[in-house]
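K.L.:
I have a structure here, written as structure tokens, and I will follow up with some questions on it.
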Amino acid sequence: MADRVTVIGWDGSPLTDAARSALGAATLVAGAAHHLALPEVPAQAERVRLGSVALAARRIAGHRGTAVVLADGDPGFFGVVRTLRAPQYGLEVEVVPAVSSVAQAFARAGMPWDDAQVVVAHRRTLRRAVNVCRAHTKVAVLTSPGAGPAELGLLLEGVHRTFVICEELGTDREQVSVVTSDKAADHAWRDPNVVIVIGGPVTGAPENGNWLAGGDPDAGPRGWALPTEEYAGPFGEGETEQLRAAQLARLGPRTGDLVWDIGCGSGAFTTEAGRFGAAVIAVDRDADACARTLAVARRFGVQAQIVHGTAPHALEDLPEPDVVRVGGGGAAVVSAVADRRPARIVTHAATRDDAELIGRDLTEHGYDVECALLQSVELDTRAWTEKERTVGFLLSGRLQERHP
């Protein structure tokens, strides 16, 4: 096992005395090609090209001597330290940090970043990273080959964003470009790069500053499934706050998800799904409903994409959803949604016959189906008299192959 492992972050600036000392004593040095070419790397040291960090960790664990791992930026921030500290390698790790590439990118842009979301985009996580860019106004994306600015721009079709693209930060080939998201695919970008994705209405800084990095969790009213008076209305039969609460609970929208809200009506469900951090595409055939949804989403600081059209035809060109609420359209729309294989679907029915038809269709599509008859009675607590009663069937389908 290596006697000592030192991880050195490098941001293009001269190495610190601690980093030089560790490198000078190294008998094994792991890093990318541009790291191994640094003049401070001892000529006699064994050199390991850092592709798979796990493979390098096993190599280091079997090395007798002193090892150094070189990494770009801060190696403890989405870097190699997490893998090297895994218990199976048994390595004692010392870290010499540097300025992270995210901090450098925002510095080049002259922007604060305590209110930014930070995501990593690989081929397997690109879609979720894009959904975060849909849902939030300031996002830093650490890219990778095949999941760079061009791919981000293509998947953000229909959503306007500004890209600040920082290529090869800390090197003599560093370049910062500002383009709109629809133009990003027109260029070839050099790796590594960081993309700052900006969009949505500009809001003022909190009076006393943020207290938690990544955004303000105190923004907006406390609670979920807010009373209908918080929204403009009018409200359809499937938009009671009790039904909305049950729908949200069944879908569980979360950061990185894309939610379809079909038949968005008042915009209440769209807004609350967005407040969970999910990206939302709201669809309605009524132009007034689309306008209401856009207005209420903006009032609550939610970034929703609004599509005016009739389902299921309006769904054909939309990006793949994770979870879907069908607020209107009945069994035909539910069936079209199920064809797209989202992890979860919720809808409602006014009659048992409609509920049986929808439940049977979801089952035939391979979904595990739950159905509940919900009855809500609003009472006047001064006289304990009934003010309003609503009854409806809540149907939810869960696709095991997508999510547990």
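The values are calculated or read from the model by the stated rules, or taken from the named source; none is laboratory data. What you are looking at is a predicted structure, and each value in this text was computed from that prediction instead of being measured. Don't worry about glycine lacking a Cβ; one is built from the backbone with ideal geometry, like all the others, and counts go over all protein chains shown. Only protein heavy atoms, including side chains, enter the accessible area calculation; ligands, DNA and RNA are left aside. Shrake-Rupley method; radii C 1.70, N 1.55, O 1.52, S 1.80 Å.
K.L.:
Quick one: which residue in Glu239, Glu272 is assigned to a loop (DSSP other than H, G, I, E, B), of a type outside the set (A, V, I, L, M, F, W, C) and crowded, with 20+ Cβ neighbours inside 10 Å?
P.N.:
Glu239 is the lone residue from the list that is assigned to a loop (DSSP other than H, G, I, E, B), of a type outside the set (A, V, I, L, M, F, W, C) and crowded, with 20+ Cβ neighbours inside 10 Å.
K.L.:
Then there is this: Being surrounded by fewer than 16 Cβ atoms within 10 Å (Cβ to Cβ), closer than 26 Å to His34 by Cα, out of contact with any Ser or Thr (no Cβ under 7 Å at 6 or more places or on another chain) and aliphatic (A, V, I, L, M), is that true of even one residue in the stretch 87-98?
P.N.:
no
K.L.:
Identify all residues within the stretch 275-289 that are farther than 21 Å from Gly220 by Cα, in contact with a strand residue (DSSP E or B) (Cβ under 6 Å, 6 or more places away or on another chain) and open to solvent by less than 10 Å² (accessible area, probe 1.4 Å); write none if there are none. Walk me through how you get there before you give the answer.
P.N.:
Here is the first cut: in the stretch 275-289, the residues farther than 21 Å from Gly220 by Cα are 283-289.
Now restrict to residues that are in contact with a strand residue (DSSP E or B) (Cβ under 6 Å, 6 or more places away or on another chain): 283, 287.
Scanning the stretch 275-289 gives a single hit, Val283.
K.L.:
While we're on this one: Within the group Val323, Val334, Val307, which residue is open to solvent by less than 20 Å² (accessible area, probe 1.4 Å) and closer than 25 Å to Val159 by Cβ?
P.N.:
Val323
K.L.:
Return a yes/no flag: does the stretch 131-145 have any residue that is more than 19 Å from Val178 (Cα to Cα) and either free of Cβ contacts under 8 Å to residues at least 12 places away in the same chain or among the aliphatic types (A, V, I, L, M) (or both).
P.N.:
yes
K.L.:
Modelled with pLDDT under 90 and either surrounded by fewer than 17 Cβ atoms within 10 Å (Cβ to Cβ) or more than 17 Å from Gln117 (Cβ to Cβ) (or both): which single residue out of Pro145, Pro201 fits that description?
P.N.:
Pro201
K.L.:
So which pairs qualify, if the first residue must be in the stretch 309-333 and free of Cβ contacts under 8 Å to residues at least 60 places away in the same chain and among the aliphatic types (A, V, I, L, M), the second must be open to solvent by 20 Å² or more (accessible area, probe 1.4 Å) and not in a strand (DSSP E or B), the Cβ gap must be under 6 Å, and the two must be at least 6 apart or on different chains?
P.N.:
Sorted first by the residue in the stretch 309-333, then by its partner, the pairs are Ala311/Gly329; Ala331/Leu357; Ala331/Asp361.
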